[in-house]
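Below is one structure, written out as structure tokens, with a few remarks after it.
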Amino acid sequence: MDFRGKTALVTGAGQGIGYSVARKLASLGAKVYALSKNESHLAKLVDEEKSIHPVCCDLTDWDSTKLKVAGIGQIDLLVNNAGVGKLEPFLIASSDAFDWIFNVNVKAVMNVSQVVASGMVERKHGAIVNVSSQASQAALKEHAIYCASKAALDSMTRVMALELGPHNIRVNTVNPTVVLTELGRSAWADPQKGGEMKAKIPLGRFAEVDDVVNAIVFLLSDNAAMITGTCLPVDGGYLAC
């Protein structure tokens, strides 16, 4: 795959999946803008990949985000990776948690994508990948708000694909299972908790970061030129059961 001559924006690029996506796209020739609200994470990323352009931004600030994204200029490839979660049983799930999770996982995606897709419409090309989750399609204990936010993201992605398709813009999601980022390893380290989840995955393991990165890069590439409006599980078969 060759992304030379393309400009990419990756949100949530300070760590985890977004960090690796930004580095992968840069290695494949793209001019990469990496967005995160954490300056130290961005500094580490740029130290490792000098060609990456950092964008420090809090996605929960609607107006500031719109201005910063618009200031980047032409964007050909967008990866809406930033996401948050908080585990709360349904009966005590809080309003604050709901607002925070939906603001980042859904509302911020709409905000960033509106700015970026407007430019794509003018140029009649572009590709967007939204990072969702198997939780959009499977009920997980204490994940009521998170599951709902990712289901909303999947639905919004399909509408984006429908409306932007006539302008030669493709929009898809990847829907991973547990991913072994630093946070993922910590969150699922308990043998009982991790074992129960892993037992439901036919391939018998959690996803490595590269498993998700490779799926995202494929969907951004011309190899996926006829794929839009789809939710691609990267889950080892979890949703097939």
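The values are calculated or read from the model by the stated rules, or taken from the named source; none is laboratory data. Everything numeric in this text was worked out from a predicted model, so none of it was measured. All Cβ positions, even for glycine, are placed from backbone atoms using ideal geometry, and neighbour counts span all protein chains on display.
Annotations for the structure displayed:
Yes or no, residue by residue, for (1) surrounded by 13 or more Cβ atoms within 10 Å (Cβ to Cβ); (2) over 26 Å from Ile169 (Cα atoms); (3) hydrophobic (A, V, I, L, M, F, W, C):
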site	(1), (2), (3)
Asn38	yes, yes, no
Val46	yes, yes, yes
His53	yes, no, no
Cys56	yes, yes, yes
Thr60	yes, no, no
Lys66	yes, no, no
Gly71	no, no, no
Gln74	yes, no, no
Leu77	yes, no, yes
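- Here Glu182 clears all of (1) at pLDDT 95 or above; (2) surrounded by fewer than 19 Cβ atoms within 10 Å (Cβ to Cβ); (3) at negative phi; (4) touching a helix residue (DSSP H, G or I) at 6+ places or on another chain (Cβ under 8 Å) except the condition numbered (1).
- Meeting the requirement of 1 or more residues that are touching a residue at least 24 places away in the same chain (Cβ under 8 Å), the helices (runs of 4 or more DSSP H) wholly within the range 114-211 are 144-164, 182-187.
- Which listed residue is of a type in the set (Val, Ile, Thr) and more than 19 Å from Leu78 (Cβ to Cβ), from Val234, Val209: Val209
- For the range 39-63, the tally of residues that are over 13 Å from Ala13 (Cα atoms) and under 17 Å from the mean Cα position of the chain (by Cα) stands at 1.
- Within the range 1-59, being of a type in the set (Gly, Ala, Ser), in a loop (DSSP other than H, G, I, E, B) and touching a Phe, Trp or Tyr at 6+ places or on another chain (Cβ under 9 Å) holds for Gly12, Ala13, Gly29, Ala30.
- Long-range neighbours under 8 Å by Cβ, at least six apart or interchain, first residue more than 20 Å from Val121 (Cβ to Cβ) within the range 57-83, second loosely packed, with under 13 Cβ neighbours inside 10 Å and modelled with pLDDT of 95 or more: Cys57/Ser64; Asp58/Ser64
- Failed criterion for Trp188 (all others in (1) under 23 Å from Trp100 (Cα atoms); (2) hydrophobic (A, V, I, L, M, F, W, C); (3) within 19 Å of the chain's Cα centre (by Cα) hold): (3)
Yes/no per residue for (1) buried (at least 20 other Cβ atoms within 10 Å of the Cβ); (2) under 26 Å from Leu28 (Cα atoms):
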{"position": "Ala148", "(1), (2)": "no, no"}
{"position": "Ala161", "(1), (2)": "no, yes"}
{"position": "Pro176", "(1), (2)": "yes, yes"}
{"position": "Met197", "(1), (2)": "no, no"}
{"position": "Ala225", "(1), (2)": "no, yes"}
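- Residues in the range 99-140 that are small (Gly, Ala, Ser) and under 24 Å from Leu239 (Cβ atoms): 7 in all.
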